[in-house]
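Everything on this sheet refers to the single structure shown next.
The values are calculated or read from the model by the stated rules, or taken from the named source; none is laboratory data. Please read these numbers as outputs of a predicted model, since none were measured by experiment. Neighbour counts run over all protein chains shown; Cβ positions are idealised from the backbone, glycine included.
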There are 2 protein chains.
Amino acid sequence: MKQKILIVEDESAIVDTIQYALETDGFETIWVSSGLEVLPILSIQAIDLIILDIGLPDVHGFELCKSIRKLYAVPIIFLTARGDEIDRVVGLEIGADDYVTKPFSPRELSARVKAVLRRTPKQSARISSDKIFQIDEHKCQIAYYAKILELSRYEYKILKTFIRRPGYVFSREQLMEHIWDVPESSMDRTVDAHIKNIRNKLKTVKPDVEPIVTNRGLGYSLKEDL
Amino acid sequence: MKQKILIVEDESAIVDTIQYALETDGFETIWVSSGLEVLPILSIQAIDLIILDIGLPDVHGFELCKSIRKLYAVPIIFLTARGDEIDRVVGLEIGADDYVTKPFSPRELSARVKAVLRRTPKQSARISSDKIFQIDEHKCQIAYYAKILELSRYEYKILKTFIRRPGYVFSREQLMEHIWDVPESSMDRTVDAHIKNIRNKLKTVKPDVEPIVTNRGLGYSLKEDL
DNA sequence: TTCTGTTTTCATAATGCCTTCATATTTAAG
DNA sequence: CTTAAATATGAAGGCATTATGAAAACAGAA
């Protein structure tokens, strides 16, 4: 009976850390990168709490918050780059329940989530299945069919990227930008080589399965229905 | 049965003139001042055309337009303060059907509304929320009657182009320019061959339907009234 | 420094999509 | 009905893309 947190944030790096922190604390997370998707989602699903970035590219966070509040009583926590100008609007004026300024520790965010939920009456729940891939971010380890893989740095990061978004197709450029510090430095077939190594290591655990899919002309992705 | 126009505009003075002009011309108008309300409205009501101000306070017009286009085929007319920088984005790139620059005469706007509606078959103005085609851009996949198609790169891109603008006729040249990186390279009957393959794959899902229409001498298009 | 494991590069092989072409079929016009 | 133009289709070769193994370059630790 996990509680569902909707994360509204366009930077995937931030989403990663938030998702990890919340999921290890027993929450279920849903992620959208666009503010416009929020109201349609709320009209269908029961959400227990929303974490809302103010600096979204498509909508302004305050306006979105007000629009949500017109229809839903769901608690909202703001993510903001600067905390100085937000103090007065938190509270009744806008309708946010709390806010966190960037940069923030995921643990702090999770603590605030719990605090807000504690003082809010519960209403929804859902179930999620256990996973074939398990990420331990503290140990920088990934288990595959309960067996821990011995991955190098980039192998770990690439595979983690896939696991976080099963089915999503990542181009070589996307992976480079997301994972490497100096993206433009190397190109050639670096990613391919890492994919090859990851595949080999996965194969030692389960030879008959091929979780990483090649999408010719587009990129790589992780099979969803494992 | 009057046709319904959704006006998305925050300045009430402008709304007044638009509403008056359109209603005297026999249209029914709905007005919202916030872009965030648009998607929820579309999910409930059948709208024949949207007049969308780009300079909304809460959302960016282009982003909203793209979000609408992911789900609905309803025609969109932009309202903009400056017309100079908009030319290139109207059309395929964003998905708008026309635009009007402020200040404008209500009569001109009404004329453009009629022109757009005239070249839009009635069916497509209706909400296509049944969503026979569903695009998942992250996963680079398209579902047809809820069944996921296995498409190659170009097949995916071609079909996506059609779905974005149902009924819109694309010439071979347009498709080449829009989809291929090096458009001038190949011509001959390449597009035809891809169309053939797409049709075959669609046929395996539903043999009795033929969604891709051949417009002799003009190009291909997607059937609207599926 | 030297050693070790990782990352990148490179060359070559393998794969499968894309294009082309030849032929059949359809459509529209005369 | 005949004819020409446009499109549909099947098959096959070419070619772009990816896979792979090995070696070079690199970084970190002892």
What do you reckon, is A:Asn200 within 14 Å of chain B (Cβ to nearest Cβ) and among the polar types (S, T, N, Q)?
no
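So, in the range A:1-56, of the ones that are polar (S, T, N, Q) and assigned to a helix (DSSP H, G or I), which residue ends up surrounded by the fewest Cβ atoms within 10 Å (Cβ to Cβ)?
Filtering the range A:1-56 for residues polar (S, T, N, Q) gives A:3, A:12, A:17, A:19, A:24, A:29, A:33-34, A:43, A:45.
Narrowing the set further to residues that are assigned to a helix (DSSP H, G or I) leaves A:12, A:17, A:19, A:24, A:43.
On the way: A:Ser12: 15, A:Thr17: 15, A:Gln19: 20, A:Thr24: 15, A:Ser43: 13.
The qualifying residue surrounded by the fewest Cβ atoms within 10 Å (Cβ to Cβ) is A:Ser43.
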Is it the case that the range B:212-224 has a residue that's touching a helix residue (DSSP H, G or I) at 6+ places or on another chain (Cβ under 9 Å) and more than 15 Å from DNA strand C (Cβ to nearest atom)?
yes
I'd like the residue in the range B:188-211 that is part of a loop (DSSP other than H, G, I, E, B) and more than 6 Å from DNA strand D (Cβ to nearest atom) and, out of all such residues, is nearest to B:Phe170 (Cα to Cα).
B:Pro211
Based on this model, can you work out whether B:Tyr154 counts as in contact with a strand residue (DSSP E or B) (Cβ under 8 Å, 6 or more places away or on another chain) and within 30 Å of A:Ile163 (Cβ to Cβ)?
no
With the condition kept exactly as written, say whether any residue in the range B:158-179 is in a loop (DSSP other than H, G, I, E, B), under 22 Å from A:Thr214 (Cα atoms) and modelled with pLDDT under 95.
no
For residues that are among the hydrophobic types (A, V, I, L, M, F, W, C) and closer than 19 Å to B:Arg172 by Cα, scanning just the range B:217-226, find the one that is farthest from DNA strand D (Cβ to nearest atom).
B:Leu222
Taking only the range A:57-76 into account, find how many residues are buried (at least 20 other Cβ atoms within 10 Å of the Cβ) and under 13 Å from B:Leu36 (Cα atoms).
7
Checking B:Thr214 against (1) in a strand (DSSP E or B); (2) away from DNA strand D (no atom under 13 Å from the Cβ): exactly one of these is not met. Which one?
(2)
Restricting to the range B:180-200, name every residue that is more than 9 Å from DNA strand C (Cβ to nearest atom) and at pLDDT 90 or above.
B:Ile195, B:Ile198, B:Arg199, B:Asn200
Of those in the range B:7-19 that are of a type outside the set (A, V, I, L, M, F, W, C) and in contact with a helix residue (DSSP H, G or I) (Cβ under 7 Å, 6 or more places away or on another chain), the residue nearest to B:Pro103 (Cα to Cα) is B:Thr17
Residues satisfying the stated conditions in the range B:142-157, i.e. surrounded by 17 or more Cβ atoms within 10 Å (Cβ to Cβ) and either within 16 Å of DNA strand D (Cβ to nearest atom) or assigned to a loop (DSSP other than H, G, I, E, B) (or both)
B:Leu149, B:Leu151, B:Tyr154, B:Glu155, B:Tyr156, B:Lys157
Residue in the range A:139-147 that is within 15 Å of DNA strand C (Cβ to nearest atom) and at pLDDT below 80 present:
yes
Considering the range A:1-31 alone, what residues qualify as being within 15 Å of A:Ile77 (Cβ to Cβ) and of a type in the set (A, V, I, L, M)?
A:Ile5, A:Leu6, A:Ile7, A:Val8, A:Ile14, A:Val15, A:Ile18, A:Ala21, A:Leu22, A:Ile30
